[in-house]
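Okay, so here's the structure we're looking at.
Nothing in this text is a laboratory measurement; each read-out follows from the coordinates by a stated rule. Only a predicted model underlies this, so the values are computations on that prediction, with no experimental measurement involved. Positions of Cβ are backbone-derived with ideal geometry, glycine not excepted, and every protein chain shown enters the neighbour counts.
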Amino acid sequence: MITISHLSKTYVNPDGSTLQVLKDVNCEIKPGEVISIIGPSGTGKSTLLRSMNLLDLPTGGSILVDGEDILQKGYPIHKMRQKVGMVFQNFNLFEHMTVLENVMYAPYVLRKEPKEQVREESMALLRKVELAEKADVYPSSLSGGQKQRVAIARALAMKPEVILFDEPTSALDPTMVGEVLSVIRHLAKEGMTMIIVTHEMKFAYDVSTRIFFMNEGIIYEEGTPKQIFDHPRRSATKAFVQRIRKAVFEVGSRDFDFLDMDSQIRQFCNKYNIGDKADKALRLCRLMIRDILGGAHFPLTVRITYSELSDQTAMDFMVENLETSPLASASPESLDELRSLCREIIEEPTSRGFRVKLLL
Ligand code: ADP
Ligand code: MG
């Protein structure tokens, strides 16, 4: 359906210096595939998507859509836009049009299809993204998640052969990421061909037929989700997919600002969409530091980690100069509570002391 060969893009800055963003991109995408593009920021993921939709003009190479090179002079842009839909990070809805008018715009105004038919089809699309009730309101009254679902309905209204998504959930409040991903999952089940730039690793793992890991302007490694996430071949891929988020606190004495640590742990949980774990994490800090360690073992390192891929949250309490597990001398009540809050408790000596690792 889409064949990209030796695609390159060099930006010329105002001062005359150049930046080669795409170096040599090659890939082939077949109907029904769901491709997730992952990779560090600044590696050309957006530029690649925008090139496929002619929002950016590549400097070299070719993009064949259904056998025709869309980069060739004279290739009609409207024909390509009809085949290739796009959903942006910031929704890009027409703010002065109602939700229904947004969805109807392309088929009715651009393609001049009969109004009643377009209205019916657009309502059906709004139903599909569960926003039929909002047909007559303006985008400004919608939440981010709702706006993005309208944007998806609007892209679908062109009956495209493929939809490109550029970080469709990264502008959203974490509580709204799920509703947008669930619409995309649904489209995937229906066999829609999609190319999705995303940082949602678990989603990419579940929904994709193939993953492209982009790095340094090329598709650095590609494969099935299993190959890329579970058995990456190249070290840069491995470092990227196994990335673990963490926040670390060095507690030097009992005068440490514990309230600030609480706030930061809460922020960490909200940021990585595990807000439901925040109360538990704070309770574990109290339990470990005050009840079990008796507020008497410092320095102490507290670490909270979250691995998006395995969806695992852990808390580490590393006490220096301690040779045996502090749990050995803890009261039965504290231990009971600890067990009730954790999925697993790991006790291990380290080179500098003793670590208790709690899996939430
Ligand atoms: P990604 O989506 O992977 O984060 P982008 O494709 O947005 O990466 O950008 C890749 C690089 O190209 C970045 O360094 C960015 O600053 C640069 N870039 C993007 N658009 C332009 C532009 N219009 N002019 C100059 N440089 C640009
Ligand atoms: Mg981008």
In degrees between 0 and 90, to the nearest 10, how far off the longest principal axis of the chain does helix 144-156 point, with axes built from Cα atoms?
30
Loop sites in region 275-360: trypsin sites (Lys or Arg not before Pro), DSSP, at most 15 other Cβ within 10 Å
R343, R352
Region 238-342: GluC sites (Glu not before Pro) in DSSP loop, at most 14 other beta carbons within 10 Å
E323
Name the lysines eligible as straight-distance cross-link partners of K246: C-alpha to C-alpha under 21 Å, and not fewer than 8 places from it in the same chain.
K202, K238, K271, K277, K280, K357
Only loop residues by DSSP count here, and only those with at most 15 other Cβ atoms within 10 Å; note down the trypsin sites (Lys or Arg not before Pro) in region 206-274 that meet that.
R233, R234, R243, R254
What does the net charge come to around V302 if you take all other residues with beta carbon closer than 9 Å to its beta carbon, with K and R at +1 and D and E at -1?
-1
In whole percent, what relative contact order does the chain give with Cα contacts below 8 Å and a gap of six or more residues?
15
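With 10 angstrom as the radius, rank S8, S62, S235 by how many other C-beta atoms surround their C-beta, starting from the fewest. Walk me through the numbers on the way to the answer.
On the way: S8 18, S62 15, S235 8.
Placing the least packed residue first, the sequence is S235, S62, S8.
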Listed residues N270, N215, N13, most fluctuating in the chain (Gaussian network, C-alpha, under 10 Å)
N13
Apply the Karplus curve 6.51 cos²θ - 1.76 cosθ + 1.60, θ = phi - 60°, to the phi angles in region 109-116 and return the couplings in whole Hz, x for Gly and Pro.
7, 7, 9, 6, 7, x, 4, 4
Fewest-first sequence of D24, D316 by Cβ atoms within 10 Å of each Cβ:
D24, D316
